[in-house]
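The values are calculated or read from the model by the stated rules, or taken from the named source; none is laboratory data. Keep in mind it's a predicted model, so treat the numbers as computed, not measured. Glycine also receives a Cβ, built like all others from the backbone with ideal geometry; neighbour counts cover every protein chain displayed.
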């Protein structure tokens, strides 16, 4: 059966070139990068080379890259590290209502520890107004954390302007760029953030590796304690194959971005136009804001998103609704309610995200399959039947 | 992975992660059916942390090891599997009524509520949405279509020890038309055997005896924690413990701590064995009496669901089960105009408990049932 993977925001396949780069570091060059001997030295060199590649993708210096176990650790390190190292009896953090759980939950934990947190609301497109961030700042504000691209909507936040505000007030700025890396041009100096999180598996690298950009001179408390702390200060034996794969993935991402972004955007636009034409009442969540080229969050009124995702999976089309947890359970999305969707609409929204291996044929297949599935679900929904009668 | 092929509608299997429903999936796969596994996420075990058994992980995602077990079985069988979140509905139609029922001095049957309002309602609907016209579950009971009457009938399982028809009396004709019970003809031993033969990862899994959302079996603690979580307190907490003749023997700390027929843990000492004979919400009293006072010759039942026929006008003879572990007693059942029925037992029955279900049988056939008033 034909299949189409349209869930690249969840994860991406490992690029064959990345896999090839990683393979020697499992059983041939298996040293511990912290060891003195030649086995270790080879791995150290490979890790440092990867660090250069990741730094280059971000316009950073290699010394500013900390390898982590992924985006979640990067965000935790940034938030707890920055707040912990900040001076002052009372501390305050500013963030938004649409952050990924890997930022939202650490902020909630901070609140339990006595740190005040302001969650700045967003507009109907999912964008935050820099003025509202400025208004939320207090004398005791020690950190602002605003994501660069939203995982569910693709909406891009005005991080550059927020950085100017933060700089004026001398407040640290962290941005979760996990969903932006490889999709838009990234430059830490232009963005102006002191802390930036990325993840390998969202850019065709392996799972279980990420990085935190820490601008030189930024004070962070450690998150983890242990031995073998390398150059970047994070303890624990380095995940050499993973880091090598991340480096290769970053290198490729930088190389292909200029031609991939418009190609994917064109496919996404064709996908959206096709569905808007074929299915009555479809809406695009966050369509009027600047967004990543690959993400399409669609609202199908009178369709239960969970059933649509399952129905499409049975036709081998992968997409997602809400944030899935490890058992596959789907929770209502806080992002969709934050942009003002009523519960029924939030439960009728599905995210499609395209990527490097999405083809014209995939889109054609999706455009063939989705309309009849939506129609079947609507025909089983009494409210839809009533709505049709009324119209 | 077996995927629904065009022309042949897949069967959805409600997979709890236990051996019974896992075996149902295996049986249907064996028969060459196209099968889709569905697991219901019903209750977040992270809630009411004080009820968590010692050593349980505090922050596990859905904490439903059972959902993971179901997924392992589905992977083993090569079938698609999805977890559906029915937490809100479960709380609204099962958990809250469970708590309210105890507070009102009744002893509810949450599994029957769950079958009626969750398993065979939204789950059947979701199954249809994904293209499965029928739902199979691991219940021990049988369904058959009666050509003459044009109605579906519910029957006891062949294995009487495992029979779960008591919990299924609320099924509508529409629900039964879309339901299959592949274990109805089997006994537990054969099911285990089939599970082993299919090498299911849960073949040796122990059976759960308790209500799924109160795994500890401590209902009192659950009810009090649930109310505390919602910032509510047990209404009229304290009250009197009296005998049927009005003698005050002591005080109690809430009707929800008692069940009709209970003898132990009453907190009063008198020279003779006394039982709870009723719980009076109005006066907030626990009423104790002797064994013979616990016996009732009749009871009223509300919200009766009639299965092989519509509401009968004439009284009918039946055997009636007043709790799951009750040997059904001979009785005459008369339908009432209010949608209920009056049951007159040939011999008075012990501990007829409000809130429990009364199920009317003709042999193995379930005629109907409702909730004891």
| request: Output the number of the condition that residue B:281 fails; it satisfies all remaining conditions of (1) outside the structural domain of residue B:248 (by TED's automatic domain parsing); (2) out of contact with any strand residue (DSSP E or B) (no Cβ under 8 Å at 6 or more places or on another chain); (3) under 15 Å from residue B:260 (Cα atoms). | output: (1)
| Of A:192, A:242, A:227, which residue is touching a residue at least 24 places away in the same chain (Cβ under 8 Å), assigned by TED's automatic domain parsing to the domain that holds residue A:178 and either surrounded by fewer than 21 Cβ atoms within 10 Å (Cβ to Cβ) or over 21 Å from residue A:48 (Cβ atoms) (or both)? | A:192
| field | Count of residues meeting criterion [part of a helix (DSSP H, G or I) and more than 22 Å from residue A:130 (Cβ to Cβ)] in region A:68-82 | value | 8
| said: So, restricting to helices (runs of 4 or more DSSP H) that lie completely within region B:170-285, which ones have at least 1 residues that are over 27 Å from the mean Cα position of the chain (by Cα) and more than 28 Å from residue B:123 (Cα to Cα)? | reply: B:188-197
| field | Enumeration of residues in region B:71-92 that are within 10 Å of residue B:42 (Cα to Cα), assigned to a helix (DSSP H, G or I) and within 14 Å of chain A (Cβ to nearest Cβ) | value | B:87, B:88, B:89, B:90
| For region A:91-204, list the helices (runs of 4 or more DSSP H) that sit wholly inside it and hold at least 2 residues that are more than 14 Å from residue A:79 (Cα to Cα), touching a helix residue (DSSP H, G or I) at 6+ places or on another chain (Cβ under 7 Å) and at pLDDT 95 or above; which are they? | A:130-136, A:159-168, A:188-191
| field | All helices (runs of 4 or more DSSP H) inside region A:312-383 with 2 or more residues being crowded, with 20+ Cβ neighbours inside 10 Å, within 12 Å of another protein chain (Cβ to nearest Cβ) and modelled with pLDDT of 90 or more | value | A:360-379
| If the Cβ limit is 6 Å and pairs must be 6+ apart or interchain, which residue in region A:350-367 that is closer than 13 Å to residue A:13 by Cα pairs with which residue that is modelled with pLDDT under 95 and not in a strand (DSSP E or B)? | none
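Results for (1) buried (at least 17 other Cβ atoms within 10 Å of the Cβ); (2) without any contact (Cβ under 8 Å) to a residue 12 or more places away in the chain, shown as yes or no for each residue.
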| site | (1), (2) |
| --- | --- |
| B:276 | yes, no |
| B:282 | no, yes |
| B:288 | yes, no |
| B:295 | no, no |
| B:313 | no, no |
| field | Single condition residue A:131 does not satisfy, out of (1) buried (at least 17 other Cβ atoms within 10 Å of the Cβ); (2) without any contact (Cβ under 8 Å) to a residue 60 or more places away in the chain | value | (1)
| request: Residue by residue through region A:252-264, note down the ones that are over 14 Å from residue A:202 (Cα atoms) and touching a helix residue (DSSP H, G or I) at 6+ places or on another chain (Cβ under 8 Å). | output: none
| query | In region B:1-30, how many are assigned to a loop (DSSP other than H, G, I, E, B), more than 14 Å from chain A (Cβ to nearest Cβ) and modelled with pLDDT of 95 or more? | reply | 0
| task | Output the qualifying pairs, or none if there are none: Cβ atoms under 9 angstrom, residues six or more apart or on different chains, first residue in region A:252-263 and assigned to a helix (DSSP H, G or I), second residue loosely packed, with under 15 Cβ neighbours inside 10 Å. | result | A:252/A:17; A:257/A:185; A:258/A:185; A:261/A:185
| field | Single match in B:303, B:346 (criterion: free of Cβ contacts under 8 Å to residues at least 24 places away in the same chain, surrounded by fewer than 17 Cβ atoms within 10 Å (Cβ to Cβ) and in a strand (DSSP E or B)) | value | B:346
| Residue that is nearest to the chain's Cα centre (by Cα), among those in region A:26-46 that are more than 25 Å from residue A:214 (Cβ to Cβ) and assigned to a helix (DSSP H, G or I) | A:26
| Going by the structure shown, is residue A:49 in contact (Cβ under 8 Å) with a residue 60 or more places away in the chain, assigned to a helix (DSSP H, G or I) and more than 24 Å from residue A:217 (Cβ to Cβ)? | yes
| query | Among the listed residues B:156, B:178, B:151, which satisfies the condition of being touching a helix residue (DSSP H, G or I) at 6+ places or on another chain (Cβ under 8 Å), away from chain A (no Cβ under 14 Å) and within 29 Å of residue A:376 (Cα to Cα)? | reply | B:151
